[in-house]
Amino acid sequence: MALSVKGKLVKILKEETGVSRAGNAWKKQDFIIETNDQYPKKICFTLFNDKVNLIEGLPEGTEIDVSFDVESREFNGKYYHNLNAWKIDRQSQDVGFSPPPFGIDDIPQEPLEPQPDDLPF
């Protein structure tokens, strides 16, 4: 089941590394986004192994779209859930807005004759 959510990157947590029982090295990186809903929610996602580089170079505050899978596992009668991110797209901040270029014609001309001071005070 692949899902997607958009939000602002709030925090990138410290990268964790280790070695599995089979002797394979692994690494994981957690990060938190805040949704842009009416009632914003903070969501923690996990990146594993080669996917860790997806978050590198993204500053906090960046608007991103995260594609992820939900995974649950049982341990001692309790279930634990992971949101495993597999794709991160940076959202464009200025979609559809581009101010016109500033030109010399945008500066108003100074009047040639002095204007009478018609202020009431």
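Before moving on, here are some points about what is shown:
- Only one of 115, 109, 91 that is surrounded by 10 or more Cβ atoms within 10 Å (Cβ to Cβ) and either farther than 24 Å from residue 6 by Cβ or modelled with pLDDT of 75 or more (or both): 91
- Restricting attention to the range 51-82, the residues being assigned to a strand (DSSP E or B) and under 12 Å from residue 33 (Cα atoms) number 4.
- Qualifying positions in the range 25-41 - in contact with a Lys or Arg (Cβ under 9 Å, 6 or more places away or on another chain) and of a type in the set (Ser, Thr, Tyr): 35
- Each residue in the range 15-42 was checked for being in contact with a strand residue (DSSP E or B) (Cβ under 6 Å, 6 or more places away or on another chain), among the aliphatic types (A, V, I, L, M) and exposed (fewer than 13 other Cβ atoms within 10 Å of the Cβ), and 2 of them qualify.
The values are calculated or read from the model by the stated rules, or taken from the named source; none is laboratory data. What you see is a predicted model, and the numbers here were worked out from it, not measured in a lab. FYI the Cβ positions are ideal-geometry reconstructions off the backbone, even for glycines, and counts take in every protein chain you see.
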